[in-house]
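Report on the structure given below.
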2 protein chains.
Amino acid sequence: MSDRDATPSDVPPPPTGPRPKATSRGRTTVPVASDNSDITDVPEFEFFGLPGPRGLPPLTEYLDILEVDMMRKPNESNKIQHHTMYYNSDHLVVRRGQEFQVKVTFNRPYDSARDKFALEFVIGSSPQFSKGTYIPVFPTKERQSSWEGRVVSTSGNEVTMGITPEANCIVGKYHMYVAVATPFGIRRTRRDTSRNLYILFNPWVAADAVYLDDETEREECVMTEIGIIYHGAYDDVSERNWNYGQFNYGVLDACLYIMDKAAMPITNRGDPIKVTRKASAMLNSRDDEGVLVGNWSGDYTYGVAPTSWTGSTDILLTYASSKMPVCYAQCWVYAAVFNTFLRCLGIPARVVTNYYSAHDNDGNLKTDIILDENGRIDRNRTKDSIWNYHCWNECYMSRPDLPPGFGGWQVVDATPQETSDGMYRCGPASVQAIKHGQICFPFDAAFVFAEVNSDVVFYSRRRDGTMDPVKVNRTHVGRMVLTKTPGELTRRDITDQYKFSEGSAEERTVLEKAEEFGCKREKSDPTLADVDVVLPTLEISVGNDFELNVEFVNRSDQERTVDAYISGNVVYYTGVTSSEFMFNTPTVEIKPNKTVKELVEVESKIYMRDLVEQANLHFIVTGKVKETGQIVTAMKVVTLRNPKLTVEVSGGEKVNEEMMASVQFTNPFTFSLEGVSIRMEGPGIMSPKFKYYSLIPGGSSLTWTEFFTPQRTGTTRVIATLDCPALRQVSGQVSITIKP
Amino acid sequence: MSDRDATPSDVPPPPTGPRPKATSRGRTTVPVASDNSDITDVPEFEFFGLPGPRGLPPLTEYLDILEVDMMRKPNESNKIQHHTMYYNSDHLVVRRGQEFQVKVTFNRPYDSARDKFALEFVIGSSPQFSKGTYIPVFPTKERQSSWEGRVVSTSGNEVTMGITPEANCIVGKYHMYVAVATPFGIRRTRRDTSRNLYILFNPWVAADAVYLDDETEREECVMTEIGIIYHGAYDDVSERNWNYGQFNYGVLDACLYIMDKAAMPITNRGDPIKVTRKASAMLNSRDDEGVLVGNWSGDYTYGVAPTSWTGSTDILLTYASSKMPVCYAQCWVYAAVFNTFLRCLGIPARVVTNYYSAHDNDGNLKTDIILDENGRIDRNRTKDSIWNYHCWNECYMSRPDLPPGFGGWQVVDATPQETSDGMYRCGPASVQAIKHGQICFPFDAAFVFAEVNSDVVFYSRRRDGTMDPVKVNRTHVGRMVLTKTPGELTRRDITDQYKFSEGSAEERTVLEKAEEFGCKREKSDPTLADVDVVLPTLEISVGNDFELNVEFVNRSDQERTVDAYISGNVVYYTGVTSSEFMFNTPTVEIKPNKTVKELVEVESKIYMRDLVEQANLHFIVTGKVKETGQIVTAMKVVTLRNPKLTVEVSGGEKVNEEMMASVQFTNPFTFSLEGVSIRMEGPGIMSPKFKYYSLIPGGSSLTWTEFFTPQRTGTTRVIATLDCPALRQVSGQVSITIKP
């Protein structure tokens, strides 16, 4: 060995030269196409072998392409027959599995015996026939590709071609070339954005995985732009209007951008299972810089309060242009924007609301409430919460990846919850699988099962730290699941699609099935106390004083004495307690088989200073029966009524005639409202509008007027919200029918 | 309204004040405990109610705790009975579901009738009884918690307590308090790191989900530190020795840190399904700043070449101290470090190698190879690749989340592949489910199924871009699956655990089942050509010239003429072609039922300049039979033999006696090797050592000697690797038996 290496070193020398870039060299032959805006141009002339020494012979005897008409106007047959006439897009938008037509003008009449041409459809970078990203379509029966083609008609130099994309083809933005074959090579049109076209999912075609055989449902879940999202409490349901805006200008491109941002392989984009699962991850900003940032804190200084949005359009267009997550969302905002995404791509979708949704951070079927030895809630040790309500989406599709019977409605959820397989995404989970406890099937069925089926377990904690279950409430969670009735403005109770009726034999079987798959339930069944506590349902406006009548019902034949603890709390809609604004500790004596009412006066001044958004008060009564040592409990959420916005429209109510919309609001309080945002929009008639008021003094009124011009006929709504730190979730709307 | 707000604005004012921090306020009551190094101290004295005006009475009559002995020495019964004596840790390390003992010395003898004490085990922040993160253990039968406790013996003031953690308890680092109950409150020991203890999975206990009822397998898959990982080709298998080092100092803490870094909820850490799934995502740096950065490029300037590592210890300790991903890994490095993680936590695990592993970027069961009209491979259009081999892990556990029958070995894979449910993680997928085509069950069974069952489809591409399948090879992919034989240094073929034998009725049924669940296969069955091409198996050393004998076998009764294309390529082990170093285009004439041999001379100078790591040459023969137009193909990977390192040890071969290990290497080439790293280590005897040589001239030799002192008895190995940009994957090892 030479001198130079006679002294080896214990450490390698520092590297020199530039740091290498991340590369796929040695690992994959080409990067996977995962961006629908990436383009690989197909050459204008593709030679068969090298041209000879004299160059190419003149190609005058072969067809030349003079003009291509994509027949893309909203009133042409393509968009009408494909239910895509509402998309505000200059391009052709069609659905897969169904024929559409384009018109090609050559330099002379087409002669099927001697002329050979094809329409070529390409998507993404490095298009390939075997991957379904390059599809030639031929005009003759003898030569057929995966997409069927035919000459519909010829007229002079014009050929009208019919093209039927495969019913499972990739969904996204394609480009179309016209190619003429000559013995020397292929002559093609140049790339021109006017020949871009969008191909969507098709719920109207039986061969498509998203086929939905019900025209009313399709009209609602694909074509309807304005919806109702339910919130409040199961015994006091409130409504929120939302403009999904799936047909608005730019929304379709924004939806495709979401998949591009996720670097979702183009070849997976024809599969609604993969598309919806990926989107459930991408709709929230966790993990992947997705669309919406969640915020439940009450401080929305650096963004828009979740209660302030009126529709999805602003959110999606902002995301696509800024390429940054949009601030802020809570569950219904995630569900609403997800709904836009799904309907826009043609996957039937609806928003559902689950009342008393278990927020299960353990993957088991228990929500634990810890009481101290006197029967009072031990707030330091009660870590679980039950959301007053939670919104998610259902989308409709077949499930070829599962055994038969689990197609149909599937739960997907974009709200970032604590654990769903460790990731901030959820679904698609078959609603049928959830109902039948078949929670072993992907994706996340066990998680959704717990959201509608958990038990609430009250524990009594001993001084030494051990705990005994004292009451198990098996009916509280998943009390009701609601969605909008298709074609109507009413609500539809779909609880029975998620579970069998409480107490039925089927319900027991299902719970046992779920336990087989590892769901942990509370096994103990503490004897029920013979005293019931009943809390009334109340309808109270924000700022009013009211009375709470707590009933103690003695079902025994002996006298009973209850040391009770009546607690009033301000809670978030997530069930998390913000503060306890009052408590009473009466001792209630009840004669055998009698009822005693305990009256609690609640003054507005004691809750108003603590009130958080959505104005939920949570009353909890716990207590211990002296004679038996048994524990009694009762809980009730009271959602205080907010003041309303008045929305009015006036004018011709005709297409292309200017009209006027006004929002009126009166501050009903004695104090001023500061930093007030008002939003207004209406699908097909008014794009999102915004107004900011720095101050609205107590008792004063405002009126905001906007002009607008309806673009199309039909019945729709103008919806408005008002939002400020001291008062959230104020809304109003008005229906309007536009005539031709 | 006042003047102040008479002029509303179309935009909100810019926010003022500090930007709010991300908060869980309003969303969850407390953040989910997800860090095993987080600590919530339990108070030294916990009062029952407030002390009276005179303060606390003297507590002299109650037990005082003088000393706690965790019985944590390697030779004490705890570590021996729990199979944890090899862990190089000062702390107690035990396994769940099995009793361990601790000794408490009080100030006077313990009297079970009047004294009340408990051992309290806590893990993570905000420990809670109902979450299994706070567990009191009592000495009496009357009072039992979820973990059983008993007094094993008393002697003077000393009590030996037996504690049996639940067989499904959380795995990780706990702290133990001793608490004495008095009527005024609880008196406790202070936190002291000497009472930290680790509780691991327990394959020796039937109630544990990772129970493995085979002592030979347990010894191999939990206790064995040094392993063999197979690579090369199915007909020319090579071995790689690896020091898993799961018992080395700091490795257990590093494994817990990986879960902390992933913010995995503490409460999920007792479930081997969740632990292994999370770890499969965390072992690679994609998405989550995990342990290892993948690099297949051949340029490893800024890190360690994947072929250079000898064990996992360096990698895990570097990750835990730098808290940054470690550079670089390829599949066997991911699998090896994952294996360390699993064995370290007590989950039985092994590394397996799948030969010809389909790298399937589409989720279907096809690998496409595109030929042009003359039967030559069209490299621009062939985008798929088949990895020469791919390594993953199997771990052993029950699967309560699935129907019965799918427990046992589960595939987990930490190598970041293109798509596994869109994420860089894979598994656990039941091997049984894969074998039986039950790929509807989580997690990622369909993905692994494709890796062992894909068809290779050769397409002939027409000029117009359409393609016809001309040959389907249904046996190439998943040719063989190997793992090390437990307790021996030989290999074990476990292909039959993944699939039924090729061509059997069961195999057909399974493939049909998989198709039901959405796997797409090539349906066409092109007629086989009546000419076969056969390539020989070769054993060639790097730098040698050799001959390739290509046989053309005519199975017909007529003369056949083949226009052949014989191509020699340098490929990565991922099957990606780096360069074509030679091609021949013979026309071969074969008489009826005869064989013709076509001899191809391969000179070393034409491949040496292009050679990439792992020195794989890939020969492809394609051709067209003139008489029939049929396509013939054959492929063969030749892994060139590298020079070896010679490792020798000398000395007493006794515990605590110094010994010497030397590595010798001769550069067999005519050129110099530059930037050479040599690594050496041996479990239980030598920690990882490193030496760097800037230059080794052609033909020259080096010897590197290190001293070491064996720490324990038994048979083990010293393994060494040599690595430089021009020559990778050179290794050597020697066995050594240490006597007491």
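The values are calculated or read from the model by the stated rules, or taken from the named source; none is laboratory data. Just so we're clear, the structure is a prediction, and the values are computed from it rather than from any experiment. Note that each Cβ is placed from the backbone with ideal geometry, even for glycine, and that neighbours are counted across all protein chains shown.
Please find, among A:Ser238, A:Ser280, the residue that is among the hydroxyl-bearing types (Ser, Thr, Tyr), part of a helix (DSSP H, G or I) and either in contact (Cβ under 8 Å) with a residue 24 or more places away in the chain or closer than 22 Å to A:Arg491 by Cα (or both). Every option except A:Ser280 fails the conditions.
Being within 12 Å of chain A (Cβ to nearest Cβ), within 20 Å of B:Gly303 (Cα to Cα) and in a strand (DSSP E or B) is a description that does not apply to B:Phe665.
Taking the criterion of being outside any strand (DSSP E or B) and more than 11 Å from A:Val104 (Cβ to Cβ), the residues of the stretch A:149-168 that qualify are A:Gly156, A:Pro165, A:Glu166, A:Ala167, A:Asn168. Cβ separations smaller than 6 Å between residues 6+ apart or across chains give the following pairs from the stretch A:287-298 residues that are facing chain B (nearest Cβ under 8 Å) to residues that are basic (Lys, Arg): A:Trp296/B:Arg27; A:Ser297/B:Arg25. Filtering the stretch A:676-712 to residues that are more than 11 Å from chain B (Cβ to nearest Cβ), surrounded by fewer than 21 Cβ atoms within 10 Å (Cβ to Cβ) and aliphatic (A, V, I, L, M) leaves nothing.
Within the stretch B:555-565, the presence of a residue that is closer than 19 Å to B:Met480 by Cα, in a loop (DSSP other than H, G, I, E, B) and more than 14 Å from chain A (Cβ to nearest Cβ) is excluded. Among residues of the stretch B:128-154 that are closer than 30 Å to A:Thr367 by Cβ and more than 10 Å from chain A (Cβ to nearest Cβ), those with a Cβ under 9 angstrom from a residue that is assigned to a loop (DSSP other than H, G, I, E, B) and of a type in the set (D, E, K, R), sequence gap 6+ or separate chain, pair up as B:Trp147/B:Glu166; B:Glu148/B:Glu99; B:Glu148/B:Glu166; B:Gly149/B:Arg143. Can you find a residue in the stretch B:475-489 that is closer than 23 Å to A:Leu402 by Cβ and surrounded by 12 or more Cβ atoms within 10 Å (Cβ to Cβ)? No, that holds for no residue. Of the residues making up the stretch B:319-332, those that are within 14 Å of chain A (Cβ to nearest Cβ) and out of contact with any Ser or Thr (no Cβ under 6 Å at 6 or more places or on another chain) are B:Cys327, B:Tyr328, B:Ala329, B:Gln330. Within the stretch A:104-118, none of the residues are within 14 Å of chain B (Cβ to nearest Cβ), surrounded by fewer than 19 Cβ atoms within 10 Å (Cβ to Cβ) and within 41 Å of the chain's Cα centre (by Cα). With respect to the conditions (1) closer than 22 Å to A:Ile163 by Cβ; (2) in a loop (DSSP other than H, G, I, E, B); (3) away from chain B (no Cβ under 14 Å); (4) not hydrophobic (A, V, I, L, M, F, W, C), A:Tyr198 falls short on a single one, namely (2). Of the residues making up the stretch B:425-447, those that are charged (D, E, K, R) and either more than 12 Å from chain A (Cβ to nearest Cβ) or in a helix (DSSP H, G or I) (or both) number 1. On inspection, B:Ser312 does not qualify as within 14 Å of chain A (Cβ to nearest Cβ), of a type in the set (Gly, Ala, Ser), buried (at least 23 other Cβ atoms within 10 Å of the Cβ) and on the phi < 0 side of the Ramachandran plot. Of all residues in the stretch A:645-661, those being touching a residue at least 60 places away in the same chain (Cβ under 8 Å) and not in a strand (DSSP E or B) number 3.
Within the stretch B:192-232, being under 22 Å from the mean Cα position of the chain (by Cα), farther than 30 Å from B:Ile65 by Cα and of a type in the set (Val, Ile, Thr) holds for B:Val210, B:Thr216, B:Val222, B:Thr224, B:Ile226, B:Ile228, B:Ile229. Here are some residues: B:Gly132, B:Gly172, B:Gly185. Which one is within 31 Å of the chain's Cα centre (by Cα) and modelled with pLDDT under 95? Unique residue meeting the criteria: B:Gly132. Applying the criterion of being within 10 Å of another protein chain (Cβ to nearest Cβ) and assigned to a strand (DSSP E or B) to the residues of the stretch B:368-387, the residue that is modelled with the lowest pLDDT is B:Ser385. Count of the stretch B:583-620 residues, restricted to those that are in contact (Cβ under 8 Å) with a residue 40 or more places away in the chain, part of a strand (DSSP E or B) and farther than 21 Å from B:Ser238 by Cβ, is 9.
Among the residues of the stretch B:339-347, are any modelled with pLDDT of 85 or more and more than 23 Å from B:Arg269 (Cβ to Cβ)? Scanning the stretch B:339-347, I find no residue that is modelled with pLDDT of 85 or more and more than 23 Å from B:Arg269 (Cβ to Cβ), so the answer is no.
Does B:Pro306 satisfy being within 14 Å of chain A (Cβ to nearest Cβ) and crowded, with 24+ Cβ neighbours inside 10 Å? When the stated conditions are applied, B:Pro306 passes them. Screening A:Asn168 against (1) of a type in the set (S, T, N, Q); (2) more than 22 Å from A:Arg96 (Cα to Cα); (3) within 12 Å of chain B (Cβ to nearest Cβ) leaves a single unmet condition, (2). Scanning the stretch A:462-500 for residues that are under 27 Å from the mean Cα position of the chain (by Cα) and either of a type in the set (Gly, Ala, Ser) or within 14 Å of chain B (Cβ to nearest Cβ) (or both) returns A:Gly478, A:Gly487.
Is it fair to say B:Arg95 is more than 27 Å from B:Thr40 (Cβ to Cβ) and of a type outside the set (A, V, I, L, M)? Here the answer is no, as B:Arg95 does not meet what is asked. When residues in the stretch A:103-127 are screened for being touching a residue at least 60 places away in the same chain (Cβ under 8 Å), out of contact with any helix residue (DSSP H, G or I) (no Cβ under 7 Å at 6 or more places or on another chain) and over 14 Å from A:Ala179 (Cα atoms), 3 of them pass.
Would you be able to say whether some residue in the stretch A:365-384 is crowded, with 22+ Cβ neighbours inside 10 Å, more than 29 Å from A:Phe583 (Cα to Cα) and touching a residue at least 12 places away in the same chain (Cβ under 8 Å)? Checking the stretch A:365-384: at least one residue is crowded, with 22+ Cβ neighbours inside 10 Å, more than 29 Å from A:Phe583 (Cα to Cα) and touching a residue at least 12 places away in the same chain (Cβ under 8 Å).
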